[in-house]
Each structure stands twice: as structure tokens, then as C-alpha cells.
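Working notes for the structure below.
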Protein chains: 4
Amino acid sequence: MNTFGKIFRLTSFGESHGRGIGGIIDGCPAGLELDIELIQKDLTRRKPGQSKITTQRKEDDRVEFLSGVFEGKTQGTPIAFAIWNKDQHSNDYNDLKDVFRPSHADYTYIKKYGTRDHRGGGRSSARETIARVVAGAIAKQILAQIGVSVNAYVSQVGDIKLGKSYKELDLSKTENIVRCPDDQTAEEMIARIELAGREHDTVGGVVTGVATGVPTGWGEPVFNKLHADIGFAMLGINAVKGFEYGSGFEGTKLSGSVHNDVFIKTEDGVRTKTNNSGGIQGGISNGEDIYFNVAFKPIATLLKEQDTLDRNENNIKINPKGRHDPCVLPRAVPIVEAMAALVLVDHFLLNKLNSI
Amino acid sequence: MNTFGKIFRLTSFGESHGRGIGGIIDGCPAGLELDIELIQKDLTRRKPGQSKITTQRKEDDRVEFLSGVFEGKTQGTPIAFAIWNKDQHSNDYNDLKDVFRPSHADYTYIKKYGTRDHRGGGRSSARETIARVVAGAIAKQILAQIGVSVNAYVSQVGDIKLGKSYKELDLSKTENIVRCPDDQTAEEMIARIELAGREHDTVGGVVTGVATGVPTGWGEPVFNKLHADIGFAMLGINAVKGFEYGSGFEGTKLSGSVHNDVFIKTEDGVRTKTNNSGGIQGGISNGEDIYFNVAFKPIATLLKEQDTLDRNENNIKINPKGRHDPCVLPRAVPIVEAMAALVLVDHFLLNKLNSI
Amino acid sequence: MNTFGKIFRLTSFGESHGRGIGGIIDGCPAGLELDIELIQKDLTRRKPGQSKITTQRKEDDRVEFLSGVFEGKTQGTPIAFAIWNKDQHSNDYNDLKDVFRPSHADYTYIKKYGTRDHRGGGRSSARETIARVVAGAIAKQILAQIGVSVNAYVSQVGDIKLGKSYKELDLSKTENIVRCPDDQTAEEMIARIELAGREHDTVGGVVTGVATGVPTGWGEPVFNKLHADIGFAMLGINAVKGFEYGSGFEGTKLSGSVHNDVFIKTEDGVRTKTNNSGGIQGGISNGEDIYFNVAFKPIATLLKEQDTLDRNENNIKINPKGRHDPCVLPRAVPIVEAMAALVLVDHFLLNKLNSI
Amino acid sequence: MNTFGKIFRLTSFGESHGRGIGGIIDGCPAGLELDIELIQKDLTRRKPGQSKITTQRKEDDRVEFLSGVFEGKTQGTPIAFAIWNKDQHSNDYNDLKDVFRPSHADYTYIKKYGTRDHRGGGRSSARETIARVVAGAIAKQILAQIGVSVNAYVSQVGDIKLGKSYKELDLSKTENIVRCPDDQTAEEMIARIELAGREHDTVGGVVTGVATGVPTGWGEPVFNKLHADIGFAMLGINAVKGFEYGSGFEGTKLSGSVHNDVFIKTEDGVRTKTNNSGGIQGGISNGEDIYFNVAFKPIATLLKEQDTLDRNENNIKINPKGRHDPCVLPRAVPIVEAMAALVLVDHFLLNKLNSI
């Protein structure tokens, strides 16, 4: 259950304080010239310690390819890769060995497996998402060849909400420290995160994703609707609590006559006048932009005293120290992009199978 | 791509106006005494023509089992079943043969497959969900044996929102015609749907699902988090635009110190004081109730004149006649329950594999 | 575990004396004009009662399509089909209800599932292979469009062995009652089967399969080598005990210098001088003919007295009556072809995924 | 297509002259105390340079675990491992860069992928089987806990055939340099391999596998019959050309009345008098020993001059130098055991899913 995808498949491995994090990508077409720097760039967007509003842990996070790439090109064989762990203050976690931290996976792992690697969250650490970013960055390179691009940005932090749709924004301006493409909102978000940091607390928010250039015909119309696969991908990211696409939850309040997207003829062929469908109709892409929102909860690790239980069910108090993110949103942006790219490249490949 | 589930797998078939709708359930444990009446009961909750606020089409929707059941018991062999189509006014749809109805799957099917069965929406019809209800009703019977129950109800219709959490409601009162367990809200919702009907328009809303009795340990912690699989299941239902569980989108606005669910010791063992986690931590059930919301758009079929294009990209007007639902929500309740039950029974079985 | 194939997937259902046998084909490309008569023809080649050397049970075995085909063409949606059971002398089997017949699946089914449909072997009956023949006949039609054909014939019955390779035979002459394309050997085989019938005994043999026109590049080089998938398909047919391809078991005795297939340049491009590789190198087709042998045991149902145990582990004697095949080989030929065709069409589709 | 197994899944990676060979095992139950020395022992049985009759290449082949094991125990999380490549005389292979070696995968890889890592066979090298041996050695440890053991031995080299069944042999005597448990036959085999080596030629043979202690009920009765899965596993090993189990190809010559295995009552419960079924009836284990034969061709790499073509389709002669095995059989024994163990542990886990 550590494999994602149907054709382009990532199987991931690794724990926060083990030897490293990595994966095997199976099903990547042969002959792709890999741009390692682009992969590294997304890893850098994800890594801790990148700005004043993220954790100050330093992790270099450089990817090493172990197979499947020869003379710079993919070979059609499995692409294994690893990011070796460093800066592991594993002993920092000894106190947490027998503790069930609130809203963490400590309790459920023990109940499920009878054992767990407690160091830094082990397998449940968001450090696991490194493997997704690597695979997603390769997926993006395939998509780029066919004119598809995937971008994400922070559209809400706590109660600070960007009041504009992606169409009103210049997404090339996303790469500030909070990854919100609207300057003024970005400043407010940064202030909100800094406040949370000062209060030794955390804050959640929303990442919005946009895929452009997706041709008509991607998606499988029953269980594997394109948006169901995207939603599944997003809900598998740590801390995600919700997903909506197109008009989403707000659209439920509209009348059908307002909500329907009327087909029109344009110079570019058939288009829709509005796009409440979010680029997907009947589970299949219709050529319009695909857009969606992903809700992230405030992360559970607080640098504050909290009541909880230990493994022997004694009441205890914990007061974690260390270097943690007050807000996961800025670093979640490349993860959202990666997972969306994995879904899209999978459906690009699946869609080759519809005709003889 | 018409198979749902990993161990308990439903493969569905059928079009709205073909021979029938059905499926094969593979992976159902042997020795289960099937209660056919319970299955039929859920089909009846889903069927059209059940009340004044649903479509007046009459479809009897009785299930016939074709294999896998002998002397009333499952045999461990594939369970095939069909619901034969009747009352098929297929010719009613001749006018729609070459039309791209707004926000329907007509356009995307043609683009994907180059062909489509236009009668009543063909495979894209929500009539396909019958197969899910049958399989889900079997899943519920397995879950019942281990003390797990799955219930859903309508919590929003258009802008009419039930202002109570599932904990404040008596879910045994759900089975009124709109399937909202709060009498007063139910009345308002019914009036809202009747208004939409009179206006030849449609209205969307939200279904809330609740699973109780799920033991700790279900769910696979990386890609197949329990909530990711539930979300995937929900997003695969026709007309669904969003999914959230536990504190959901609203929870993104809270501080971590407020959002965290503190572990406490009770007579029933380890519990959490609050349940913003929605019964799932690190992707694994923690023994608390699982609850979630599913957003349904207003359905696209309006009995109103609309602009659109035909297959030759000519501008045309359509003005559909026929018998359609102004609101899909009441009939969606058993579908939400069915899909949730399929996910849960799958994880019940998967969880048997964690130890030697 | 009742699904075969990775892209072109057959999920089968049905018991010998249930409502019928059938399946769902998922992943069949859209737009294929189905030739139903070709499907029916293979069913007729498989059906009982077709000649003096097969069982005299009469089963009409006509396929009904339930979905996925519209106006004669596949729609890209799941193709469900059924062959309804008739001529069910189910009560004939009451005596066998609690008996473990030697070398049958009675004992193992009870041990695995705790229950079984004893009538006519239930799910373990070779009647289940009907679903494979239907799906295989569709696969053959796809393969025909790209110039690939699959043929099988009986090359051994008991100790009567056809002493020629497929290259020395005219495979268009296969359709005599024993399905051996060499007249004289066919007569000897028929006599051998008739002898077995008179002795109320059974006899085994070998079916040889040949696929021509397979282009280079089909097959996945590690676990899913083309011959591994073909072998898996064959070993899943009832009564099969062995599989070999190319030089097979005999080839193990040769020296490498004799066994190696030297590459040569011809008018048709690169070819090999010999074909001990059986058309597959490194698990991937090399453009030469693919050929293989499939060993079938003498079937277990004898019309002779035999010692055995009943369900309560009492020593009993059984002396079955009824209409059974003394030799399964002639009727196995279309099943071998069908399973080979399913594998080949799957790899045809898989091979589309190797490049962007 | 580099994943093997349904529940206990190995995804393998690596090329002969890349960074290393390895894999990820997903689905291994938690809490297993790994005996690393047992794993290393099987790697040593597989490794080159182990005796005078194998290649003299020295490869140390020590496994490093990268994840999934904590404090010596499996965690239920993915177990990644690698065997790093050393002793890579990659430049030795420059001459072969554009050559299609007879009966190798050079030609088919180029045709399939348009590119290949030519060094030492790249992904098509049997060095890839290292990953299988590691995973199989873990599978054996799980099987050992439930009393199942898997053993293989060489039963034929060229035309030298061990004339005894596994029942007449003491399998604890297998570990001589040719891995044949019969002393006299072993000597003849060794002489035969030495002769092949002197002639700069190669020789094939047969490995026999035996699994004891398998309880009744393993195997899925239609496509995934236990022997179909074992056969698939064996046919996926490099150089394998055939598979048979129980009475195999020879059994096709027997009459049913001779071939049938009569059930008898014994102190150990229900058994069969003979075991032509090879421990599997209707695709499901019946508690008797499982035994099977695997045919290996003489390997294609000869230290002799041979005609062939290069990538530009020119006629050329090759005359490879280097260190190669004249016979792959002795080193194939642990690979056969590993693949059988992987199948058996998968069915052990699958069989947990048959009841509620």
C-alpha cells in the first residue's frame, strides 16, 4: 500500500530518521532526458529551513538516482532514487518513545502494527513526501513535453483568505516565502504565521492547484474520475482534511441554471463559457483549466505544554522542544503540484489505451 | 477502470438504457448469509419515483443474483448480480443524440471514445450507482457482524443548512423523504426542492456520512490513508464536487492548540476528548466516530431552455422534457453509505494482513 | 482473484449449475466492430456434445451481451456478457454432495471456504472457461486488425505424439474432431480416445499453441516476461500440469552453441536463423513465431468404481454415472487460443506505454 | 511491471553495472525479527565465484537495509534494500555496445525501448535476481514460523538426469557445488559442466523444487491457481523455458484411473495415497507436498566465435571474453526457492481473507 499510480507508479520507502527516503518509479516511458536540476529545485521548495517562516532544521535533500537512468535518459526500467538522511538528532526523540502525542499517528501506529519507529515520527513523518516530490518533478517534465503545466499556491492561512480566483492572479509571482502570488495577502499571511510561531502554536490553510493545457479525454468515467484520482492524491498528503474542485462546496448553493457551463464555439474550438466544472465533466477532462482546493489542518506539533497519555495509559504532560513549522502551507505547495502531476501523467498514459 | 476496491472488489457494468446494470463482487468472504431484503431496501431508498420530491420515473430495481450465492450463503466465489432495465423510453433521447448538453458528459465521452450510447446518458448515467448500492449493502452486512455501522443524511440543500453536528441528531429519524433527521430543517429542505422543481431548475447540497464502531487500526498510512480512500470513493459518485472529513475546511482556520485532540483515559480505554481528527489519525482509524461531508452540485439536467452546441459545433438551443430529479440529495444518501461501506470492509480485510 | 489481465481485463463469474457463466471485460478499446459470429464459433468449438469423442451433454452456449456494445461497436465501457445455463440435471449430483472425488477440487474447496456448490463441480467446473473463450474471441478480433493470429492444435493424446513441428503442418486443417492437423495422427488419436471411452477411463495429452505476426517489443522484461504471462495463462486452465515454450524441456539438453539463435539479415529485416527462443528473448517478442506446449492431465472424472472418502472421512466407493469427456484435449484447443489471445492483446496495449 | 506479488509485493530495481540492485518489499507483516544472516546465506548461494564450476567473477553481494526495519524487527512499513555493485569492469562491454548477441535481450530491448544500458546486460542481467533472493529469504522466514519449508536442487544437467524422485533423496545433502543431493549424480553433473567450460560452451538443465508443510487451502481457484502463480514465478526467472508440477508432462500419458490420487484416512487426517496432483487440486493446496520442475536453457553467453548482426544490421562475428558461467543451474537453486517462497507467503496472506 505504498504504491501510487496505475501506469506511472511510485513505490516509496523510508522513515524520518532511518537511512533515507526514496522510491522506485515504474512505468516511466523510455527516452526522457531527465533535468535533474528541475527535480532538485522542487526538493528545495519543499525542504525545511528555507525561510524565516519555516522550521530552521537544515536538510540538504539532494536526490541520488540508483537505477533506470543511463547517459541522462530514462530507460523504461525502474527508476530508483534516494535522499539520504542527515542532521538526525534521533536522541532528541527518546522522550517521545512511549508517548501518544495529540493528533499524531503515534497511537494508531502502535494499535495497527504493535511496533513503531518513534524517531521523528518514523514513517508517518511528512519527510516521506520527499519521494513524491521527486516523482512528481519527473511527471512534470513529461507533462511539459505535451504542453501541460501544474501550479499551486497558498490561498488561505488561518482566517486570511486570498479573495481572488486563480484567473485574476499572476502565478509566476508565487515564489515568495509564503508562496502566495498576491503581494499584499502574502504579507498578511507571513505576519499570521509569524504570530503563530511567537505563540508556539500552529496554523492551517488552503493550497489551490491549477493545471492548464490538459487536453480533452483524460480520466476514467466511473470510479477513477479524473477529479477522484486528484482528490485521492491530495487526501493522501499528511495533514490534508478536505478537497474540492471547480465550484466545490460553494457551488452546492447555486441553482443548476446558474451552475451549468454552456458550450460555445471559439477560435480554439469548443469551450465552455464558465468553468464551474473545473475542467472535468463526467470524470473526463474537457480542455478547460482544472482547479481545486486542498485543506490543511494546523499541524499537531506544538511547542506548548499539552495533556496526553503515554503507552501505559498514564496521564502525562508533554512540552516538545525542537525546530518545527508553525505552518506547513508554504512547503506543501510543491507536494500538491507533485501529486497532481503524478495523477495527470498517469491519465495521459492511460488515455493511450482507448483505441486500437 | 470499472473496478472499485483492493480486496473486496466491485466491477460494475451497464448503461442507462442497455440490458441492465450490475456487477461482480470478488473477494467477499465465504459463509456470509445474505439478507436479500436489506439489499433491496437500499435499492428502494435509491430508486426514482419514491416520493414527490424525486423524479417520477418508475424503476422497480430488483436485484437478481447470478452466481456466488448457494443455499443463501456466499461461497467465496465471485458474486455476479444484475438489475434489469425496464421502462426504457429510449426514443425520448433521439433528439439528444448529437447534442452536447451543458455540464454533462456528452462532449467528453465523444472526445475520449469517439462513440457513445446517448440514450439516457448511457454509462455516464447515475443509474450506474445501482451496482454500488448492491455491493455496499453486502459490505454493510459484513460490517454489522463486527459492530460497524454506516449512516448518511442530507445536511444541506441549496443554502438551507442543518446547523447541528451529527452528535446532536437522532440518525434513526433520517428516513423522511428528504433524508434529513431534523424535522424542521427537513421541511425547509423539501420546500426548497419543490421550489426548484416549480422553477424547472435544480439545486445541490451536502450529504454527511458517519461510521461508528470502527476499531483502531484500519487504514494504510501513506497513499491509502483511510480518509483518502473514503474521499476517493465519494468523489467517484456522480455530481460530487468536494469531500472533507473531521474538522475539514473549517478546521483550517483554527490554531493547532485548539484543533488537537487530547488523549484521555476512559472506561472504554483510550479515547480523545475532542474529535477534530474525524476518527482518523495518520491515515489510520483511532476508534472514534468517522464523519465526513460530501458536496453535490445542482444536477445538470434542467427542464429549461439552454444554449449549447451540437456535435457539428453548431449553436443550438435545447429544452429537455422528461422526468428528472430537481435535487439528487435524498437519493444520494444510500449511495454515500454504500461507497463508505465498501471502503470500510476493504480496510477491515486489509488489516488482517498486518501480522503473521 | 477472478480477474485476468492488466489492461484488457476479464473478470469471470459463474458456476456449472447456477444461473449462468459470464464475465465483464474492462479495458477493451472503443470502436471495435464486434463479430458475434466469430465469438459464437469459438464457443461452439468448446461446447460439449460436438462429436462422438466428447461428452454427449448438450449445451447450446450462446452468448448474450449485457453492456458495453452499442450499435455493434464497443464503447470503451465494460462489456458484460453471460451464457445462461440449461440442461441442468442438478439432482444428478445429490449423491456427490458430501463426497471428496479423487483428484477433484471437492476436498480443497471445503477446506478453503467451508462451503461449496457441489452441483457439477460448481465454480471448479471447466464450464467456467466459457467466459475465457468469449473474451479471447474478442481479443483475437483486435489482434487480427494488427496482423496477429493465434492457433492451437492437439499434438499428443496419451502416448500418441504428433512427430512434427508446427512448421511442418498446415494449421488450416486443424478442425477435425480431435483438432490435430495431421490426418493420420488424428485418426490414431481418435482411436485412442474411443478406447479410453470404452474402458470408462480418461486420457491426457498436449496442446500446442502458435502465435504469428507478433511484432517486436511485446512483453515486460522482468516478472511479466511475455512467456511468463502466457505460461501463467495456460497453467490457470483446468487440468493443465505443465507449460514450455520454444525449445522447452528438450532444449535443456542442448549445448549453448547449438541452442543459440543467430541473427541474420533478410528481406523482412532482422530475423533469427533458428527459433529455439520461441519468438521471445529477454521476455520480449523478437518478431519470430511464438510457440508453446501445454500439458493436460487425464481428467479426473471416471465412470468407474473408485475408493475415496466422504466429508465425514468415511471410506466409501463411488461409481459415477453421467455424460463426461474421456479426453479434454479437443475441446481445450479454443481455450488455449483464447488465453493466449488475452495475454497478447494485453501486451499489445501495455506496449503503447513505453514512449511519450 | 517490476512488481511481483499481490499482498507481499517485491518491486525490484537495478542494472548489472549501475549503482546497485535492490528493491522494496511492501506488505510484509510487522513484528518479524529478521535474521539477516539467513538472507546473506542465500545471497552467498547465488553469488558468482563460489566454486570451480561457476563464473570466477567476485561479487560480495552484501545486502543493506534502507527502511522498514527498526531494532531488528519489521515495522509493517516498506522494506527497502540494496546490494551495491562493485567489481564493475564496465569498459569490458564497450565492444558490445552496438551488438545484438545471439539469444540475448540486446535486440529486443532496443526494439522496445529505443535505448539500453549495454553494460553487462543492464537490466536484463541475471544479476537482477539478487533482489528476488533477498525478498525470498524474508518470505522463507515467515513460512518457517508456520512450518512451511521450500527446497530446490539440480535434477538435470544437459543429458545427465537424476533418476530419483525427491522422496528418495535426502535434501539436506543438496549443498555440494552443483547442488544435487545425490553424490554420484552430482559428480557426473560437475564433470559435465567442466566439460562445457573447457569447450567454451554452456549447458542447461532442470531444477526441482519442493515445498513441504503447506496447509490445505492456499491458492485461488480460477486464474491464480497455486501452481499457476508458482509457474508464473518460475517462468519469470532468466533462462527458464518450461515448468511442470506434480505428474507434469509425463502424467499426460497415463490413464485417469492410474493418475487419480485416492483419498485415504490416516493418523494425520485426510491424505492422498499417491501425489500426482503435486499437492494442488483445483488450484488449491491439499496438504501434500508441492513439487515441480523448472527447465533452464543453456545460457547464451559463449566464449566462442559466433555470427551475428550489429545495430546497423551488418554481419559481424563476436568472440566474447570474460568470466561467465558454463552452467547456471547451481546458482539458480536459491532463486527458484526464493520465487517459490514469495508465491507461498503471498497465498498464506491471501488465504486470511476468506472468512469474516
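Derivation of every value follows stated rules applied to the coordinates shown; laboratory data play no part. As the structure is a prediction and not an experimental result, all values here were calculated from the model. Reconstructed Cβ throughout: ideal geometry from the backbone, glycine too, with neighbour counts over all protein chains shown.
Taking a label point 7 Å from Cα toward Cβ, how far is B:Gly114 from its twins in the other copies, in nm, shortest first?
Label point to label point, same position, other copies: 2.2, 5.1, 5.6 nm.
Taking the Cα centre of chain C as origin and charging only Cβ (+1 Lys, Arg; -1 Asp, Glu), how large is the dipole, in debye to the nearest 20?
Values: 44 positive and 45 negative charges, 117 e Å.
Around 560 debye, computed over chain C.
Would you mind ranking D:Ser155, B:Ser125 so that the residue whose beta carbon has the fewest other beta carbons within 10 Å leads the list? Each step should come with its number before you reach the end.
On the way: D:Ser155 27, B:Ser125 19.
Final ranking by Cβ density, sparse to dense: B:Ser125, D:Ser155.
Which of the lysines could a cross-linker bridge to C:Lys352, judged by Cα under 17 Å and excluding same-chain residues fewer than eight apart?
Leaving aside lysines fewer than 8 places away in the same chain, those within reach of C:Lys352 are A:Lys6, A:Lys352, B:Lys112, C:Lys6, C:Lys225, D:Lys111, D:Lys112.
Charges on Cβ only, +1 for Lys and Arg, -1 for Asp and Glu, centred on the Cα centroid of the stretch A:311-354; of A:Asn351, A:Ala341, A:Cys327, which one is farthest towards the dipole's positive end?
A:Cys327
Based on DSSP loop calls and a cut-off of at most 11 other Cβ atoms within 10 Å, the longest stretch of chain D free of exposed trypsin sites (Lys or Arg not before Pro) is what? Provide the component values of the computation, followed by the final result.
Numbers: sites that count: D:Lys52, D:Lys86, D:Lys321.
In short, D:87-320.
What's the minimum Cβ distance from chain C to the axis relating it to A, in whole Å, and which residue gives it?
Closest Cβ on chain C to the axis mapping it onto A, in Å: C:Lys352, 2.
List, in the order given, every pair from B:Lys140/B:Lys321; D:Lys140/D:Lys173; A:Lys41/A:Lys73 whose Cα-Cα distance in the structure shown is over 26 Å.
B:Lys140/B:Lys321
Report the equivalent ellipsoid semi-axes for the stretch B:3-354 in whole Å, largest first, defined as the square roots of five times the eigenvalues of the gyration tensor built from alpha carbon atoms. Display every interim value, and only then the final one.
Details: eigenvalues 235, 131, 71 Å².
That gives 34, 26, 19 Å for the three semi-axes.
Among A:Glu188, C:Glu244, B:Glu64, which comes first, second and so on when ranked by fewest other beta-carbon atoms within 10 Å? Intermediate values should be presented prior to the final figure.
Working: A:Glu188 17, C:Glu244 28, B:Glu64 12.
Fewest-to-most Cβ neighbours within 10 Å comes out as B:Glu64, A:Glu188, C:Glu244.
Please list, in order, the residues from the stretch A:281-298 whose amide nitrogen is less than 19 Å from a point placed 7 Å along the Cα→Cβ vector of A:Glu199.
Answer for this model: A:296-298.
Using a 7 Å offset from the Cα along the Cα-to-Cβ direction at both B:Glu71 and B:Lys273, what is the distance between the two label points in nm, to one decimal?
Label at B:Glu71, label at B:Lys273, 5.6 nm between them.
Report relative contact order for chain A in percent, whole number only (criteria: Cα-Cα under 8 Å, sequence separation at least 6). Before the final figure, lay out each step's value.
On the way: 714 pairs, mean separation 77.0, N = 356.
Value for chain A: 22 percent.
Would you kindly derive the ³J(HN,Hα) couplings of the stretch C:94-109 from the backbone phi angles with the Karplus curve 6.51 cos²θ - 1.76 cosθ + 1.60 (θ = phi - 60°), listing them in order in whole Hz, with x for Gly and Pro?
My calculation for the stretch C:94-109 gives 4, 4, 8, 3, 10, 9, 9, 5, x, 6, 9, 8, 4, 5, 5, 4 Hz in order.
Distances from B:Gly269 to the same residue in each other copy, label points 7 Å out along Cα→Cβ, in nm, shortest first?
From this label point to the equivalent ones elsewhere in the assembly: 3.1, 5.6, 6.3 nm.
Full extension from D:Ser165 to D:Asn315: what is 0.36 nm times the residue separation minus their Cα-Cα distance, to one decimal in nm?
In short, 49.3 nm is gained.
Would you please give the FRET efficiency between C:Lys86 and D:Asp92, computed as 1/(1 + (r/R0)^6) with r the Cβ-Cβ distance and R0 = 56 Å, to the nearest 0.05? Walk me through the numbers before you get to the answer.
On the way: r = 68 Å, r/R0 = 1.21.
Plugging the Cβ-Cβ distance into 1/(1 + (r/R0)^6) gives 0.25.
For C:Leu254, which sequence-distant residues (separation of 5 or more, or a different chain) have an amide H within less than 5 Å of its own amide H, given hydrogens modelled in the peptide plane?
D:Gly204
If amide H atoms are built 1.01 Å from N in the plane of the peptide, which residues on other chains or at least 5 residues away come under 5 Å of the amide H of B:Gln156?
The list, which skips near neighbours in sequence, is B:Leu162, B:Val206.
Based on the Cα coordinates of the stretch A:175-326, what is the per residue volume of their convex hull in Å³?
Values: hull volume 27.4 nm³, N = 152.
Enclosed volume per residue, from the Cα hull, is 180 Å³.
How many angstrom lie between the C-alpha centres of the stretch D:26-49 and the stretch C:128-156?
Value for the Cα centre distance between the two parts: 42 Å.
Using alpha-carbon pairs under 8 Å, 6+ residues apart, how would you state the relative contact order of the stretch B:247-356 in percent?
13
Determine, for C:Phe249, D:Phe65, the number of other Cβ atoms within 10 Å of each Cβ, and report the residues in order from fewest to most.
Numbers: C:Phe249 21, D:Phe65 18.
Ascending number of Cβ neighbours within 10 Å: D:Phe65, C:Phe249.
Given only helices, namely DSSP H runs of n ≥ 4 each adding -39500 (n - 2.57), what is the per-residue ellipticity at 222 nm of chain A, to the nearest 500 deg cm²/dmol? Mind dumping the intermediate values first?
Values: 8 runs with 92 residues, N = 356.
-8000 deg cm²/dmol, from helical runs alone.
So what J values fall out for the stretch B:243-258 if you push phi through Karplus, 6.51 cos²θ - 1.76 cosθ + 1.60 with θ = phi - 60°, rounded to Hz, Gly and Pro as x?
8, 8, 10, x, 5, x, 5, 4, x, 5, 8, 7, 7, x, 5, 8
Can you work out the FRET efficiency for the pair A:Asp35 and A:Thr266, with r the C-beta to C-beta distance and R0 = 35 Å, to the nearest 0.05? Mind dumping the intermediate values first?
Working: r = 34 Å, r/R0 = 0.97.
Once rounded, the FRET efficiency stands at 0.55.
Using θ = phi - 60° and the Karplus curve 6.51 cos²θ - 1.76 cosθ + 1.60, what whole-Hz ³J(HN,Hα) does each residue of the stretch D:293-306 get, with Gly and Pro shown as x?
These are the phi-based 3J(HN,Hα) values: 10, 10, 8, 10, 6, x, 5, 7, 7, 10, 8, 9, 5, 9 Hz.
Mind checking the alpha-carbon convex hull of the protein assembly as shown and giving the volume per residue in Å³? List each step's numbers first, then the result.
Details: hull volume 232.2 nm³, N = 1424.
Cα convex hull per residue, to the nearest whole number: 163 Å³.
Among A:Thr252, A:Leu169, A:Ala196, whose Cα lies farthest out toward the positive end of the dipole of chain A, if unit charges sit on the beta carbon of Lys, Arg (+1) and Asp, Glu (-1)?
Of the listed residues, the answer is A:Ala196.
For B:Ile316, which inter-copy label distances result when the label point lies 7 Å beyond Cα on the Cα-to-Cβ vector, reported in nm to one decimal and in ascending order?
Distances between equivalent label points, in nm: 6.3, 6.7, 7.1.
Counting every Cα pair in the stretch D:1-130, what percent are over 19 Å apart?
It works out to 57 percent of all Cα pairs.
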